[in-house]
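No lab work stands behind these numbers, since they all come straight from the coordinates. Computed from a prediction, not measured in an experiment: that's the story for all the values here. Glycine also receives a Cβ, built like all others from the backbone with ideal geometry; neighbour counts cover every protein chain displayed.
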Amino acid sequence: MKAILPLFVRLIAYCGIMFLISLVTQYDFSQGELKEDSLTEISQEILVGLSALLLLIFGSKNKDYKVFCFALSGFLGIHFVREFDFWLNTQLFDKAWQVLALIILVLVVVMLIKNWKKIILETASISKTYGFSFFFSGLIILHVFSRLYGRKIIWIDLLKETHNKYVIEDAGEKVVDIREFMRPVKDASEESIELLAYAIIFIGVVEILIHTSKQRKLN
């Protein structure tokens, strides 16, 4: 029992994360529309920011997986900057987030070039863990599924019949266009999927760090 207690504790913690993000989406859905300052958006920023920060701190203390952790932290750092694109572009200057993201990208690429063999070995080792599988799955959901799931045509097809039945017409034209009618639903659904993906990525990062910590103690 003692051997599996840490696993049980993590299971409870991860279930708690899923419960919290369900409450976040429930609250934002009750507002009728997801905006840039919604709880869903803020939660995404917190999760990706924490993931990048944990990797940065851990990488600075663990020489065995330093390059991997720094590279992954930089990769998630780009995502973190991307989440603030609207604020950066309006408060700093146009395309500010692209400039910051490019700086991080260049630093990561330079580091990878200098430590190419080391990053290959570290990645090959960590890729065998289920923490990496979590991370990889979250990444695929974030960049592939959420984008396909958020295509306008899907939501137009789903809500077209409801729109035609219930939206009032004025002089033969619908008062609310189908694209405006489906937009809050599409945006809320897509952002919720992204939040789930960031939560899975965060869990993956935690599991990777737990695994590498154990490896460090064994060595």
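Peptide packing for 61-74, 194-207 was compared via the average number of neighbouring C-beta atoms within 10 Å per residue; ordered from the highest value, the list is 194-207, 61-74.
Classified by the C-alpha gyration tensor, region 36-135 has an oblate form. Its axis ratio a/c, with a ≥ b ≥ c, is 1.5 or above, and a/b does not exceed b/c.
Compute the orientation-averaged projected area for region 13-56 from the convex hull of its Cα atoms and round it to one decimal in nm². Each step should come with its number before you reach the end.
On the way: hull surface 13.1 nm².
In nm², the orientation-averaged hull projection of region 13-56 is 3.3.
The long axis of helix 96-114 is offset from the longest Cα principal axis of the chain by roughly 30 degrees.
Only the Cβ atoms of Lys and Arg (+1) and of Asp and Glu (-1) were treated as charged; on that basis the dipole of region 62-164 about its Cα centre amounts to roughly 380 debye. Selection among Ile120, Ser189, Val106 by position relative to the dipole of region 76-202 gives Ile120 as farthest towards the positive end (Cβ unit charges, Cα centre).
Nearest 10 degrees, 0 to 90: what angle lies between the long axis of helix 39-61 and the longest principal axis of the chain (Cα atoms)? Around 10 degrees separate the two axes. Remark: the Ile154-Phe93 segment gains 18.5 nm on full extension, using 0.36 nm per residue and subtracting the alpha carbon distance. Pair-distance distribution P(r) for region 84-150, from all Cα-Cα distances in 5 Å bins starting at 0: 3, 14, 11, 12, 21, 19, 12, 6, 1 percent.
Could you work out Rg/(2.2 N^0.38 Å) for the chain, with Rg from alpha carbons only? All intermediate terms of the calculation are to be shown ahead of the outcome.
Numbers: Rg = 20.9 Å, N = 219, 2.2 N^0.38 = 17.1 Å.
Taking N as the residue count of the chain, the ratio is 1.23.
A quarter of the convex hull surface defined by the alpha-carbon atoms of region 105-219 gives 10.4 nm² as the mean projection.
Quickly estimate the mean residue ellipticity at 222 nm for the chain, helices only: each DSSP H run with n ≥ 4 gives -39500 (n - 2.57), and the total goes over all residues, rounded to 500. Walk me through the intermediate numbers first.
Details: 10 runs with 175 residues, N = 219.
That comes out to -27000 deg cm²/dmol.
Between Ile46 and Lys214, the simple spin-label model (points 7 angstrom out along Cα→Cβ) gives 2.8 nm.
Can you tally the net charge around Ile21? Count Lys and Arg as +1, Asp and Glu as -1, for every other residue whose Cβ sits under 12 Å from the Cβ of Ile21. Display every interim value, and only then the final one.
Details: positive: none; negative: Asp28, Glu191, Glu194.
Charge balance in the 12 Å sphere: -3.
Take the Cβ atoms of Val106 and Leu20, set R0 to 30 Å, and the FRET efficiency comes out at 0.25. Overall, the anisotropy analysis places region 1-94 in the oblate class: the square-rooted eigenvalues a ≥ b ≥ c of its C-alpha gyration tensor yield a/c not less than 1.5, with a/b not exceeding b/c.
All Cα-Cα separations within region 80-122 were binned at 10 Å from zero, giving a P(r) of 29, 34, 23, 14, 1, each value a whole percent of the pairs. Using only Cα atoms and rounding to the nearest 10 degrees, what angle (0 to 90) does helix 152-166 make with the longest principal axis of the chain? Taking Cα atoms only, the helix is inclined about 30 degrees. Cross-link partners for Lys186 among the lysines, with Cα-Cα distance under 20 Å and sequence neighbours closer than 8 places in the same chain left out: Lys35, Lys152, Lys160, Lys165, Lys174.
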